[in-house]
1. Work out from phi, with θ = phi - 60° and the Karplus expression 6.51 cos²θ - 1.76 cosθ + 1.60, the ³J(HN,Hα) of each residue of segment 88-98, listed in order in whole Hz, and give x for Gly and Pro.
2. Residue separation times 0.36 nm, minus the C-alpha to C-alpha distance between residue 47 and residue 118: what's the value?
3. Please give the peptides 183-191, 121-129, 317-325 ranked by average Cβ packing (other Cβ atoms within 10 Å per residue), highest first, as a rough proxy for protection.
4. Relative to the first principal axis of the alpha-carbon coordinates of the chain, what is the inclination of helix 238-248, with its axis defined by its Cα atoms, in degrees from 0 to 90 and to the nearest 10?
5. So, in nm, how far is label residue 161 from label residue 93 when the simple model puts each one 7 Å beyond its Cα toward the Cβ?
6. Report the calculated FRET efficiency for residue 207 and residue 169 (r = Cβ-Cβ distance, R0 = 51 Å), to the nearest 0.05.
7. Going by average Cβ neighbours within 10 Å, how do the peptides 60-66, 354-360 rank, with the highest at the top?
8. Just report the Cα centroid separation between segment 265-293 and segment 358-386, whole Å.
Amino acid sequence: MTRNFKRIETKLIHSGEPEPRIQGAVSMPIFQSAMFEYAGETSYHDLQYIRLNNTPNHLALHEKLAALESAEAALVTASGMAAISATLLTVLASGDHLLAQDCLYGGTHDFLTKDFPSFGLSYDFINGNDPESWKRKLRPNTKAIYVEPMTNPLLEVADHRAIVKFAKTHGLVSIIDNTFASPVNFRPLEWGFDLSVHSCTKYLNGHSDIVAGAVSGSANRIEPIKHKLDRLGGSLDPHACFLLHRGMKTLAVRVKVQNESALRIAEFLEKHPRIAKVNYPGLQSHLQHQRARDLFDGFGGMLSFELKEGVEAAEAFLRNTVLPIIAPSLGGVETLLTRPATTSHSGLSPEDRQRLGITDSLIRLSVGIEATEEIIEDFERALQLIPKNAS
Ligand SMILES: *Cc1c(COP(=O)(O)O)cnc(C)c1O
């Protein structure tokens, strides 16, 4: 009997688990086998082979991921970028055009700007908050629209209802990189998006110890992406499948703690006399706060902020903190701090960063699951230690 679990907390634990349990094992065992004995399969795609992403570890994850995203089907991949590149290369063919949000994850931005031309693909960037302007960028060969739930590192929330409507009106495939929100806070397919991609390296795994990705959508859309991935070779190793599977079970508890903690930290920073600006969709002061309330079940664990005193002060703050780790990436159990101008967004020209509003002194925070008051105490002390006229 296929059991239908209603809530994400329950789906995380029980959806996709083998029935009956393998040898009674409560935890999904690792099938570290490259090939499986021929069992009369008639199609190439049904042969069980590790690169075809169809070992028992893959299949369990596909079912669990689909359940979380309210999708018919899902596919795990070797990385978030493997999911993104395989998805775009399936949806688009040579000669096609993509509309993409203007502030994307760096790797995706580079895939568009550096690799699209050699595939005969073109793109235009759109401002996610200005629906009036999208139509002007539309071309007869536009096939898809690509966005993120909240931008990195400014946490702007695009008009996703309008994106879906625009895509439906103009026959575009709508794709969203749901990494920052995680399915606990946002399930884009329930809002009409066609495909949702993830870097499972971040919240889904949550323990900063693997690289993995995923894409979910209707079975009709996932099947050709799977076949493309089979040929491109971006399949996930069974041992990484096991770690992702294990990590995902605690996604809901982790994300709920991160949502709460991030809001308290954002409120603390916003009130602090040395902080100029805090970007967090959960704050009343956030420009798209009402929209974020409408779309999301939680505001997430990512925020960014600026000190009044500029780059030197920002650097001093990073040095003065004790608890967070200064490192790129996000979504794990440990609190991480970075200065995007020198890490995630160092690939952009200073002019592009300025245009997007990513100043050199902007600090990005990925909130972990440590005690919130200890993070706040550490930040309070680190702010106090900054020399008064650092600039
Ligand atoms: C990290 C990240 C990616 C890329 O994922 P990898 O697993 O590193 O390939 C894509 N999109 C977003 C929003 C990310 O944060």
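1. The phi angles translate into 5, 6, 8, 6, 10, 10, 3, x, 7, 10, 10 Hz.
2. Numbers: separation 71, 0.36 × 71 = 25.56 nm, distance 3.26 nm.
Extending this stretch completely gives an extra 22.3 nm.
3. Numbers: 183-191: 22.7, 121-129: 19.1, 317-325: 16.3.
Those peptides, ordered most packed to least, come out 183-191, 121-129, 317-325.
4. 50 degrees
5. The answer from the label model is 3.6 nm.
6. Numbers: r = 41 Å, r/R0 = 0.81.
Step by step, r from the Cβ atoms, then E = 0.80.
7. Details: 60-66: 23.7, 354-360: 15.7.
Listed from highest to lowest mean packing, they are 60-66, 354-360.
8. 14 Å
Laboratory data are not the source of any read-out in this text; all were calculated from the coordinates shown. All values derive from a computational prediction rather than experimental measurement. So basically every Cβ, Gly included, is an ideal-geometry build from the backbone, and we count neighbours across all protein chains shown.
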